[in-house]
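This report concerns only the one structure given below.
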Amino acid sequence: KAAIDNLRSFGIATVVASGNNGWKDSISTPGCVSSAVTVAASTDTDAIASFSNIYPQIDLLAPGVDVVSSVPGGGVESREGTSMATPHVSGFAALLMQQGITNPAAIEAAMKQFATDRGSTGRDDSFGFGLINPRATLRGLGLAR
C-alpha cells in the first residue's frame, strides 16, 4: 500500500491484476489497495472469467482469455489470466496520458466513467465499473470523433 500510494503521489497511475484464484470473496495483493486500479479478466463474451478474483476492490474489466502474447524465447501464444487483462488497462492509461490527461485520479475517473457496464446496472463487485472502452472514453472526453 505504501509503495502504490507513493507512486500515486508522484503522479503515477498504478494498474494491478486481481489474481487468478477464482476467489469470490477475497482479492490478492496488491489488488486490495484502493489507490491502485484493480483489473479483473473477461472472457470473449465479456463475462467475468471463472479464474478471476472478484471483490469490492475490482475497478475495471479487460480481456483476459485467449490473449495473444509474446513468450520467452520468441514467438506468440494464447494465454489467459488477470495478468493478461491488466496490460490492456495500463496501455489505455498510457493513451490517456499521451492525450494530456496525466493526473492518476483523472485517468482512473475517465476509464471508469466511460466503461461499458456489465453485470447489474452500475458498479458491482464482479465487473467494477465495467469493461474498458477506449473509443467511448476518447469520444466522451472530446479527444476523438
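Read the figures in this text as sums done on the coordinates, not as results from a lab. Keep in mind it's a predicted model, so treat the numbers as computed, not measured.
What list of ³J(HN,Hα) values in whole Hz, one per residue of segment 64-72 in order, does the Karplus curve 6.51 cos²θ - 1.76 cosθ + 1.60 (θ = phi - 60°) give from phi, with Gly and Pro shown as x?
So the J values, rounded to whole Hz, are x, 10, 6, 8, 6, 9, 5, 10, x.
Is the C-alpha gyration tensor of segment 79-145 telling us rounded, prolate or oblate? Criteria: a/c under 1.5 is rounded; beyond that, a/b larger than b/c is prolate, otherwise oblate.
oblate
Compute the Cα gyration tensor for the chain, then decide on rounded, prolate or oblate, letting a ≥ b ≥ c be the square roots of its eigenvalues: rounded whenever a/c is under 1.5, prolate when a/b is larger than b/c in the other cases, and oblate in all that remain.
Rounded, since a/c falls under 1.5.
According to the square roots a ≥ b ≥ c of the eigenvalues of the Cα gyration tensor, what is the shape class of segment 32-84, taking rounded for a/c under 1.5, prolate for a/b larger than b/c otherwise, and oblate for the remainder?
The shape class here is oblate.
Scanning the chain for helices, which whole DSSP H stretches are 18 Å or more long along the axis (Cα) and average -1.0 or more by Kyte-Doolittle?
Membrane-span-like by this rule: 82-98.
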